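First comes the structure, then the notes that go with it.
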Amino acid sequence: MPALALCAFAFEQLFQWRYGAAGALAFGMFTVGHKARNTTVTCVGLVVIALLLTR
């Protein structure tokens, strides 16, 4: 496993532990949207992450 993929996996697990399933879904949407260059999915993921961070 490349180091970058391992770091991304560790960060996602930490995020899921802290923010639950909604955090994991939001992080997944952000990641997939960014890789696919889909602005809508990326923005939705970022908005959900922002809402989770403010609570």
Legend entry - Matching option when the condition is surrounded by 16 or more Cβ atoms within 10 Å (Cβ to Cβ) and in a helix (DSSP H, G or I), among GLY20, GLY45, GLY28: GLY45
Inset, instruction - Starting from segment 26-55, take each residue that is closer than 17 Å to GLU12 by Cβ and list its partners that are among the charged types (D, E, K, R), counting only C-beta distances under 9 angstrom and pairs at least six apart or across chains. - result: PHE27/GLU12; GLY28/GLU12; THR31/GLU12; LEU52/ARG18
Inset, instruction - Kindly provide the set of residues from segment 1-13 that are in a helix (DSSP H, G or I) and either touching a helix residue (DSSP H, G or I) at 6+ places or on another chain (Cβ under 8 Å) or open to solvent by 100 Å² or more (accessible area, probe 1.4 Å) (or both), ordered by number. - result: LEU4, ALA8, PHE9, PHE11, GLU12
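The values are calculated or read from the model by the stated rules, or taken from the named source; none is laboratory data. Source: prediction; values computed, not measured. Note that we place each Cβ from the backbone using ideal geometry, even for glycine, and neighbour counts take in every protein chain shown. Side chains are part of the model used for accessible areas, which takes the heavy atoms of the whole protein and leaves out ligands, DNA and RNA. Shrake-Rupley method; radii C 1.70, N 1.55, O 1.52, S 1.80 Å.
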